[in-house]
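Worksheet: the structure to be examined is printed underneath.
Every read-out reported here was derived from the displayed coordinates using simple, explicitly stated rules and does not represent laboratory data. The shown structure was predicted, so the numbers you read here are calculated from the model rather than taken from an experiment. So basically every Cβ, Gly included, is an ideal-geometry build from the backbone, and we count neighbours across all protein chains shown.
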Amino acid sequence: MNYDYIESLVISAKSGDKASKEKLIEEFKPFIINFSQKTYIDRYDLEDIQK
């Protein structure tokens, strides 16, 4: 993962760029999926946790 690229996306996302937010989500999607599979919250589905 290129941290300079991530940092530039974060700066753009904070400025209100929606495309940067979507790119950040795609970059971290494997982490989000992995973490959500290990998380249990009563009455929440896996999809609810991921969103």
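Only one of (1) 1.13; (2) 1.09; (3) 1.48 was calculated from the structure for Rg/Rh (Cα atoms, Kirkwood Rh), and its label is (2). Restriction of the trypsin sites (Lys or Arg not before Pro) in region 1-41 to DSSP coil positions whose beta-carbon has at most 16 other beta-carbons within 10 angstrom yields Lys38. Helix 18-37 sits at what angle to the longest principal axis of the chain, using alpha carbons and giving 0 to 90 degrees rounded to 10? Once rounded, the angle reads 30 degrees.
The local environment of Lys14, defined by Cβ-Cβ distances under 15 Å, has a net charge of 0 under the rule Lys, Arg +1 and Asp, Glu -1.
Per-residue extension of 0.36 nm, minus the Cα-Cα distance of Lys29 and Asp4, leaves a gain of 7.2 nm for this segment. Output the 0 to 90 degree angle, nearest 10, between the alpha-carbon long axis of helix 3-14 and the longest principal axis computed from the alpha carbons of the chain. Relative to the chain, helix 3-14 is tipped by roughly 90 degrees.
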